[in-house]
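Colleague: Pasting a structure here, questions to come.
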Amino acid sequence: MRKRNAERTISKRRCEVKVLFVDDEVDFLEVMVKRLKKRDLDVTSLSDGNKVIELIEKNNFDVVVLDVRMPGCKNGIEILKDIKKCRPLVEVVMLTGHALLDVAKEGIENGAFDYMVKPADIDELFYILNDAYKKKTIQESKIKNIEHLLQNK
C-alpha cells in the first residue's frame with residue numbers, strides 16, 4: 001500500500017511539469033507527446049510554429065520543446081528569442097533533424113536550456129525536461145525570495 005501512495009506522489013509531482021511540444025512533423029509529434037504523457041508529463045502539442053507565442057501568452061508552460069526548422073514560419077532561433085521576450089523563465093529545448101552545431105550554439109547563446117538531435121531518445125528527453133523544470137522552479141523561488149525581501153525593507 002505504501003508503495004502505491006509513493007508512486008502517486010511522484011506521478012502528481014511530475015504532472016506539475018507543463019510542456020509545450022512544437023514540431024511540424026505531425027507523426028513524430030504525436031508519438032513523442034504520447035510517450036511523454038505515459039511518463040506523467042502534462043504535454044500540449046502544436047504543429048504550427050506561428051502559434052507558439054499566442055499559446056505561451058495564454059498558458060503557463062514550464063518547458064517548450066521546439067523544432068529548429070519548420071517550413072512556413074520563423075526559424076526556431078527566432079521563435080526562441082520571442083519566447084524569451086514574452087516569458088523569460090520558460091526553458092526551451094531545441095530539437096532538430098539536422099546535426100547543425102552552429103545552430104545548437106546559437107540556441108544556447110540565446111537562452112535555450114539544451115539541444116537535441118532527432119530522433120530524440122525519449123528517456124534522455126524526459127530527464128532534460130525534468131532538469132529544465134527544476135531550473136525554472138529554482139529561478140522562480142529566487143525571484144519570490146527577492147520580492148519578499150524588497151517588501152519587508
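Colleague: Given H placed 1.01 Å from N in the peptide plane, which residues other than close sequence neighbours of Lys18 have an amide H under 5 Å from its amide H?
Modeller: It is Asp62, Val63, by chain and number.
Colleague: Continuing with the same structure: State to the nearest 20 debye the size of the charge dipole of the chain about its Cα centre, where the only charges are +1 on K and R beta carbons and -1 on D and E beta carbons.
Modeller: It works out to roughly 1040 debye.
Colleague: Here is the link list: Lys85/Lys135; Lys38/Lys105; Lys58/Lys153. Which ones come out longer than 22 Å on Cα distance?
Modeller: Too far apart for the 22 Å limit: Lys38/Lys105; Lys58/Lys153.
Colleague: Starting from the Cα of Glu147, step 7 Å toward the Cβ, then list every residue of region 78-106 with an amide N under 16 Å from that point.
Modeller: Only 87-90 pass the distance filter.
Colleague: If you don't mind, there's one more thing I want to ask. Would you work out which of Ala120, Ile83, Gln151 lies farthest towards the positive end of the dipole of region 2-151? Charges go on Cβ: Lys and Arg +1, Asp and Glu -1.
Modeller: Value: Gln151.
Colleague: Say the dipole of the chain comes from +1 at the beta carbon of Lys and Arg and -1 at that of Asp and Glu; which of Ile108, Met32, Asn59 then lies farthest toward its positive end?
Modeller: Asn59
Colleague: Can I ask one more? Expected output is a single nm value to one decimal: the length gained when fully extending between Asn59 and Leu101, i.e. 0.36 nm times separation in residues minus the C-alpha distance. What is it?
Modeller: Extra length from Asn59 to Leu101 when fully extended: 12.0 nm.
Colleague: Additional query: If you place +1 on the Cβ of every Lys and Arg and -1 on the Cβ of every Asp and Glu, how big does the dipole about the Cα centre of region 111-153 come out, in debye to the nearest 20?
Modeller: 360 debye
Colleague: Another one. Quick one: of Lys37/Lys74; Lys18/Lys81; Lys34/Lys118, which pairs are farther than 24 Å apart, Cα to Cα?
Modeller: Over 24 Å apart, Cα to Cα: Lys37/Lys74.
Colleague: Which entry in (i) 78, 42, 32; (ii) 77, 38, 23; (iii) 48, 47, 28 matches Cα extents along the principal axes in Å derived from the coordinates of this structure?
Modeller: Recomputing Cα extents along the principal axes in Å here picks out (iii).
Colleague: Moving to a separate point now. Quickly estimate the mean residue ellipticity at 222 nm for the chain, helices only: each DSSP H run with n ≥ 4 gives -39500 (n - 2.57), and the total goes over all residues, rounded to 500.
Modeller: Per the formula, -17500 deg cm²/dmol.
Colleague: If I take R0 = 41 Å and measure r between the Cβ atoms of Gln139 and Lys74 in this structure, what FRET efficiency does the formula 1/(1 + (r/R0)^6) give, to the nearest 0.05?
Modeller: So the FRET efficiency works out to roughly 0.95.
Quick note: the coordinates plus some simple rules give every number you see, no bench work behind them. Please read these numbers as outputs of a predicted model, since none were measured by experiment. Glycine also receives a Cβ, built like all others from the backbone with ideal geometry; neighbour counts cover every protein chain displayed.
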